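*Asks:* Dropping a structure here in structure tokens format, bear with me for questions.
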Amino acid sequence: MDSGHPCIRRGFRLQWEEAQQAHVLLYPEGMVKLNASAGAILSRCDGARSVPEIIAELEQQYACTGLEPEVRAFLNLATEQRWLQWA
Amino acid sequence: MGMSEAIGPPFWLLAELTYRCPLHCAFCYNPVDFARHEEELSTEDWLRVLREARALGAVQCGFSGGEPLQRDDLEVLVAEAHRLGYYSNLITSGIGLNERRIRALKDAGLDHIQLSFQDSTREVNDFLSSTRTFDLKRKAAALIKSQNYPMVMNCVIHRLNIEHIERIIELAVELDADYLELANVQFYAWAQRNRAQLMPTHEQLQRAEAITQQWRERLGTRMKLLFVVPDYYESRPKKCMNGWGNVFLTVTPDGTALPCHTARMLPGLAFPNVREMNVADIWLRSEGFNRYRGTGWLPEPCRSCPEKEKDHGGCRCQAYMLTQDAGATDPVCDKSAHHELILQAREQATQPKLTEQPLIFRGPAESRRIDQPF
């Protein structure tokens, strides 16, 4: 996973929804309303950033350390759910 | 529930653009009296509906029918849906899809196409739709893939094709579908008319589900297989449309707004028209959308049931079709006083008298002959 660059899978779309005050992940005939941390992680999965870069950015934004296990666990889950593909 | 403050936005707008369709499927969910509702909303009306529903919070937009490709303004509507930020889905038989139109839809920003097949073979596919369409559907599938769309292949499963489920899955693999939706027939509208012909046995269903599970394991992440179980073999009903007036907003070709695409059959319920009322008022304040919202309206035994939040008493249309009371507990539930009707239907499926009543195929002439709206 370290060498890969995650991005939102073809056919999926991440967007901020004002009516729900949340990021939603849209896909064929379905949607997932994301909590704040899931939205923050997925919004950085653009195919350009590596996993360490995503973790570093999040730790900087939230002024904390030790986010790596949580971020990696979520990226694993998102990959299993077919939300992400890896470049 | 009458307080609009407690009502969330619809997530799904289902835009039924037309009841016109080149197919004549015996399990179609369009109302059996569709020929009496031939008037269609104008392009301008549909554009306004898209804007109003999006302003309310809808994010998924399904363009369906009938066959939505019969509308020559489809690309205009798709472009507006894209501009507004919807995730747009075209739900199609594929008939009428050609190189020019799929390019135009792609340029307009269409996100995804769901393509229906009736079976894995030309003979059964064409028999079930009463048209020669199998080869056209295969061409449509190739066009969809050529434009790099995620493709959902949909096949309604019933007694006449359930034994072919493995071949249907193989066809989806061959066509490189991203998803295969094996939607066991639900008995509304035309399917209800043909229930004796279409209802599989419990054993057939279990076998089909086991085969699907084997293929899931075999395919892994290559293709997502969805197997939608039919109500009639459950002991608890499904939550009607994920909650009446909770997720889905359907607008029919003539502009009638419904909380579910078959709800027009329910007597004594005033469903407003988008020509006369804006979408926000329809969703939040109309009697039709509030009547069965939440759980406050539930009768016994549902009212005292610890599972009421799970199923909200089940499907209103099914309750009405089977008991003539839209407010009754869905007879699928084994706590219903009418559950015997479901048990009888299961029993009939094991001893079908298939020759006594021929299949009734969906069509305008047949539709005009029908008195009851289900």
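*Asks:* Which one of B:Asp231, B:Asp107, B:Asp176 has the biggest mean-square fluctuation once chain B is modelled by GNM with Cα springs under 10 Å?
*Replies:* Looking only at B:Asp231, B:Asp107, B:Asp176, the largest GNM fluctuation is found for B:Asp107.
*Asks:* Take B:Glu203, project a point 7 Å from its Cα along the Cβ direction, then tell me which residues of the stretch B:326-351 have their backbone nitrogen under 11 Å from it.
*Replies:* B:350-351
*Asks:* For the stretch B:227-271, just list the percent of Cα-Cα distances falling in each 10 Å bin from zero outward, please.
*Replies:* 24, 45, 27, 4
*Asks:* Where does each of B:Phe187, B:Phe11 land when they are ordered by accessible area, with a 1.4 Å probe and the largest first?
*Replies:* Correct descending sequence by accessible area is B:Phe11, B:Phe187.
*Asks:* Turning to a different aspect of this structure: Hey, what number do you get for chain B at 222 nm if only DSSP H runs of n ≥ 4 count, each worth -39500 (n - 2.57), divided across all residues, to the nearest 500?
*Replies:* -10000 deg cm²/dmol, from helical runs alone.
*Asks:* Among the listed pairs B:Lys224/B:Lys310; B:Lys106/B:Lys310; B:Lys145/B:Lys239; B:Lys106/B:Lys238; A:Lys33/B:Lys106; B:Lys137/B:Lys224, give every one whose C-alpha distance is greater than 28 Å.
*Replies:* With Cα atoms farther than 28 Å apart: B:Lys106/B:Lys310; B:Lys145/B:Lys239; B:Lys106/B:Lys238.
*Asks:* Turning to a different aspect of this structure: Taking every residue in B:14-26, how many Cβ atoms of other protein chains lie within 10 Å of its Cβ, on average?
*Replies:* Per-residue shielding by partner chains comes out at 0.
*Asks:* With 26 Å as the cut-off, how large is the P(r) tail for the stretch B:12-233, expressed as percent of Cα-Cα pairs?
*Replies:* 38
*Asks:* On a 1.4 Å probe surface of the protein chains, which of B:Asp111, B:Asp334 comes out largest in accessible area, and what is the full order?
*Replies:* B:Asp334, B:Asp111
*Asks:* A further question on this structure: Between A:Arg82 and B:Arg122, what is the label-point separation in nm under the 7 Å Cα-to-beta-carbon projection?
*Replies:* A separation of 3.0 nm, rounded to one decimal place.
*Asks:* Over 40 Å, how big is the tail of the calculated P(r) for the protein assembly as shown, in percent of all Cα pairs?
*Replies:* More than 40 Å apart: 20 percent of the Cα pairs in the protein assembly as shown.
*Asks:* Right, something else. Calculate, in nm to one decimal, what A:Thr65 and A:Gln21 gain on full extension: separation in residues at 0.36 nm each, minus their alpha carbon distance.
*Replies:* 13.2 nm
*Asks:* What distance in nm lies between label points placed 7 Å from Cα along the C-beta direction at B:Lys308 and A:Ser43?
*Replies:* Once both label points are built, they end up 4.0 nm from each other.
*Asks:* Using label points projected 7 Å from each Cα along Cα→Cβ, tell me how many nm separate B:Ala104 and B:Glu276, to one decimal.
*Replies:* Using points 7 Å along Cα→Cβ, the separation is 3.4 nm.
*Asks:* Starting from the Cα-Cα distance between B:Lys224 and B:Glu170, subtract it from 0.36 nm times their residue separation and give me the gain in nm to one decimal.
*Replies:* Result: 18.1 nm gained on full extension.
*Asks:* Could you state, as a whole-number percent, how many of the C-alpha pairs of the stretch B:240-337 are farther apart than 16 Å?
*Replies:* Pairs farther apart than 16 Å: 53 percent.
The values are calculated or read from the model by the stated rules, or taken from the named source; none is laboratory data. Nothing here was measured: the structure is a model prediction, and the numbers come from that model. Cβ: placed from backbone, ideal geometry, glycine included. Neighbour counts: every protein chain shown. For accessibility, only protein heavy atoms count, side chains too; no ligands or nucleic acids. Shrake-Rupley method; radii C 1.70, N 1.55, O 1.52, S 1.80 Å.
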